[in-house]
Amino acid sequence: MNFETILFSVDAGIARLTLNRPERLNAFNERMHIEVAEALGRIEADAGVRVLVLTGSGRGFCAGQDLSERNVDAGPLDLGRATAAYYNPLICRVAALKCPVVCAVNGVAAGAGVNIALSCDLVLARQSAKFVQAFSTIGLIPDAGGTWVLPHLIGQARALGFTLTGGTVSAAQAEQWGLIWRAIEDEAFDGEVERLTAQLVNAPTKALAAAKRAIRGAWGATLEDQLALESRMQRDCGLTQDYKEGVNAFKARRPPRFQGR
Ligand code: LHQ
């Protein structure tokens, strides 16, 4: 498939997916959904991928659904179909990837663009970026997992305030609330994304994937269930090459060379 709406590459364990409709602030049309799904399929099929970096081209990260292609006067639209067909699988697949996913929020994120960013594991945002819960301004509810992730991350009061006012949150505020991992000075942003990516591509990928799955699943689990899950996962991690390498490197007082195996 020739990509028209995204840039996608895999090199030395690093997958890079850039939403690439800058003239529309990288808003999603159907073609972009199809291409992102294709790229995710390639990552899922490639055990050599050890980190995914998702970002946007131009001055925005993603403005959610492309509204310019919607003819709301032509008759009733079934938006439930669009969410079920495209957004819901996208969110679930990003959350389930067996490698860490870094979201580099290079500029404004709005509507589903916010919630796609929040489906990633580590969200870094440029200090000048902002998050806009645009849904209520066009008569919709937060989709793409927004109603689930927001109260979990920032609590009900902030989730409701953010959503019902269609409010805007700065990158600094988002970090302070715990909505994202870090807000970074604009000049330092690209370097910091690369530093984190380099760290993650050399990390013990299987352990990171297990930790990600355990933490993401914890919201619906009891302590007892979670402890049992940790035991099962720790058994698996203890059988990896990377665990051996980590312990040997510690004993030899040298940096570990993890292989993701
Ligand atoms: C856009 C868009 C956009 C098209 C900026 N579409 N062109 C799921 C399931 C099914 C259906 C419905 O929805 C959903 C989920 C959703 O995501 S609903 C929410 C959809 N998104 C929005 O409502 C956000 C709309 N955009 C904005 O509020 C602003 O553009 C933001 C706050 C993102 C940025 O504001 P500015 O920095 O002032 O930029 P701008 O408004 O001037 O936009 C720049 C260009 O991008 C402009 O085009 P133009 O040709 O005039 O330069 C916009 O029309 C275009 N654009 N968002 N979603």
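The values are calculated or read from the model by the stated rules, or taken from the named source; none is laboratory data. The structure presented is a predicted model; accordingly, all values stated were derived computationally and were not measured. Counting neighbours? That spans all protein chains shown, and the Cβs are built from the backbone with ideal geometry, glycine included.
Within region 135-169, can you find the residues that are within 13 Å of the ligand (Cβ to nearest atom) and under 19 Å from the mean Cα position of the chain (by Cα)?
P142, D143, A144, G145, G146, T147, V169
Of all residues in region 24-79, those that are within 14 Å of the ligand (Cβ to nearest atom), modelled with pLDDT of 95 or more, farther than 20 Å from V193 by Cα and not aliphatic (A, V, I, L, M) total 9.
May I ask you to verify whether T137 is farther than 22 Å from I215 by Cβ and among the polar types (S, T, N, Q)? Walk me through it before giving the result.
Details: farther than 22 Å from I215 by Cβ: yes; among the polar types (S, T, N, Q): yes.
Considered against the rule, which asks whether it is farther than 22 Å from I215 by Cβ and among the polar types (S, T, N, Q), T137 comes out as yes.
Mind telling me which of the residues A228, A188, A198, A211 ends up being under 22 Å from R261 (Cα atoms) and surrounded by fewer than 15 Cβ atoms within 10 Å (Cβ to Cβ)? Write out each step before concluding.
Details: A228 fails: under 22 Å from R261 (Cα atoms); A188 fails: under 22 Å from R261 (Cα atoms); A211 fails: surrounded by fewer than 15 Cβ atoms within 10 Å (Cβ to Cβ).
None of the other options fit; the residue is A198.
Starting from residues that are in a strand (DSSP E or B) and in contact with a helix residue (DSSP H, G or I) (Cβ under 6 Å, 6 or more places away or on another chain), keep the ones in region 3-12 and report whichever is surrounded by the most Cβ atoms within 10 Å (Cβ to Cβ). Within region 3-12, the match that is surrounded by the most Cβ atoms within 10 Å (Cβ to Cβ) is I6. Would you mind stating whether Q173 is within 19 Å of the chain's Cα centre (by Cα), surrounded by 15 or more Cβ atoms within 10 Å (Cβ to Cβ), at pLDDT below 95 and within 16 Å of the ligand (Cβ to nearest atom)? Considered against the rule, which asks whether it is within 19 Å of the chain's Cα centre (by Cα), surrounded by 15 or more Cβ atoms within 10 Å (Cβ to Cβ), at pLDDT below 95 and within 16 Å of the ligand (Cβ to nearest atom), Q173 comes out as no.
Of the strands (runs of 3 or more DSSP E) contained entirely in region 93-200, those carrying at least 3 residues that are touching a strand residue (DSSP E or B) at 6+ places or on another chain (Cβ under 9 Å) and in contact (Cβ under 8 Å) with a residue 60 or more places away in the chain fall at 101-105, 122-126. Only one entry of A84, A95, A15 meets the criterion of being within 14 Å of the chain's Cα centre (by Cα) and surrounded by fewer than 19 Cβ atoms within 10 Å (Cβ to Cβ), and that entry is A95.
Out of V105, V114, report the one residue that is within 11 Å of the ligand (Cβ to nearest atom), at negative phi and either surrounded by fewer than 23 Cβ atoms within 10 Å (Cβ to Cβ) or at pLDDT 95 or above (or both). Reasoning before the result, please.
Values: V105 fails: within 11 Å of the ligand (Cβ to nearest atom).
Answer to the check: V114.
Would a scan of region 218-225 turn up a residue that is surrounded by 12 or more Cβ atoms within 10 Å (Cβ to Cβ) and assigned to a helix (DSSP H, G or I)? Looking through region 218-225, at least one residue is surrounded by 12 or more Cβ atoms within 10 Å (Cβ to Cβ) and assigned to a helix (DSSP H, G or I).
Give region 233-259 a look and list any residue that's basic (K, R) and either touching a His at 6+ places or on another chain (Cβ under 8 Å) or surrounded by 11 or more Cβ atoms within 10 Å (Cβ to Cβ) (or both), or say none.
Here is the first cut: in region 233-259, the ones basic (K, R) are 235, 244, 251, 253-254, 257.
K244, R257, listed by residue number.
Hey, does region 234-244 have a residue that's of a type in the set (A, V, I, L, M) and either at pLDDT below 95 or part of a helix (DSSP H, G or I) (or both)? No.
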